[in-house]
Amino acid sequence: MAPDRLGHRARGLTRGAEGRRYTPPGPSGRASQEICIDTRTASQPAAELTLSDAERLRELAGELAQHFKIIGRAFGVRIDQRGERVTVAGDVGSVALAARLIQELYDLVGTGFHLHPTVVEHACRLVLQDPEAQVRAFFTDVVYVGRRKKAIFPRTVNQRRYIDAIRSHDVVFGLGPAGTGKTYLAVAMALSALMKDEVQRIVLCRPAVEAGEKLGFLPGDLVEKVNPYLRPLYDSLHDMVDFERIGRFIDRGVIEIAPLAFMRGRTLAESFVILDEAQNTTPEQMKMFLTRLGNGSKAVITGDPSQVDLPRGKRSGLAHAVDVLGRVRGIAVTRFGPSDVVRHGLVSAIIRAYDRASRPRPRTRGQGEE
């Protein structure tokens, strides 16, 4: 969707003899080059960029100009490349934002950053959400470097706010739908804190609540019975750290993964504690968890208020805690929406469709009248 249809205005545009000029910020915050948008002709306004480094331009464009096609679809513009010249044509607002994004991605590639189609998609979404967002600042703010040198960084405006909140607050609530990175980023921040010796251990927990279906009798001892509920936390860890190292951390107690019920009576000092699926806690359980924090500890509580699996009529401890603690100093709340989903592109559309279906439909005339 083009930015003008989202109500965004082109920023940094000034009139000149050639039409309008747009000056994007460079890597150091200064202008990297001036972009002129020609509005004199009857055809669509167009901006032309001169990108002289052939290797960087090849990385920027992607295979078969795939990255330019992604940007073109996202902003509703046409992008043409001839040699070192890249032309962006469309309405003025869309051209300004798309041209600025191309310039910033070109500068980003110059730092050694490898572009991937999903990164370009996230960059487009970022600029559509916030036309003044500094793309390079987002993608170079690496939270943690995981397996195979995979860099983990915020990909949306709300993810950036979430990371900043975790850095500056001891208790953070992350609320929103599936796929927005709430738990994944929290685990990355926990591993980063552990590697920097800011904490001595990581504690990951979840309430052991069945998601709308009865699993019946589960074989094995107590740990084996609760492990299926904790699997998503293992998945996040294994995506960032190799299996052998995770095993050593767990054996030594540096990383602990446990159901919420195991937290009662404990004091967690110098720990990074994450409570996942917190919408399935009761208010009593949530209070119990929050009062476990000891000196030098940090807690991140994540959950989706729309996916409560508690018995009917039982209030979620997550919603209750946000109501009670939302304005307490030292506690931050970050709310995510469908636009923050970073899984498969269809996940965001699926969430929006379910949201629409769950809204009460307006009554037609005469409906309910006797």
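Every read-out reported here was derived from the displayed coordinates using simple, explicitly stated rules and does not represent laboratory data. Keep in mind that what you see is a predicted model, and the values were worked out from it rather than measured. Cβ coordinates were reconstructed from backbone atoms using ideal geometry, including for glycine residues, and neighbour counts include every protein chain displayed.
Given the pairs LYS196/LYS298; LYS182/LYS298; LYS182/LYS314, which are separated by over 18 angstrom at their Cα positions? Among LYS196/LYS298; LYS182/LYS298; LYS182/LYS314, the Cα-Cα distance tops 18 Å for LYS182/LYS314. Here the 3J(HN,Hα) profile of the range 283-299, calculated from phi with Karplus coefficients 6.51, -1.76 and 1.60 at θ = phi - 60°, is x, 5, 5, 5, 4, 4, 5, 5, 8, 7, 5, x, 5, x, 9, 9, 10 Hz, Gly and Pro shown as x. On the basis of the beta-carbon distance and an R0 of 30 Å, ARG266 and ARG329 show a calculated FRET efficiency of 0.75.
Take the Cα of SER306, step 7 Å toward its Cβ, do the same at LYS196, and the gap between the two points is 3.3 nm. For the range 254-281 versus the range 52-97, the inter-centroid distance based on Cα atoms is 47 Å.
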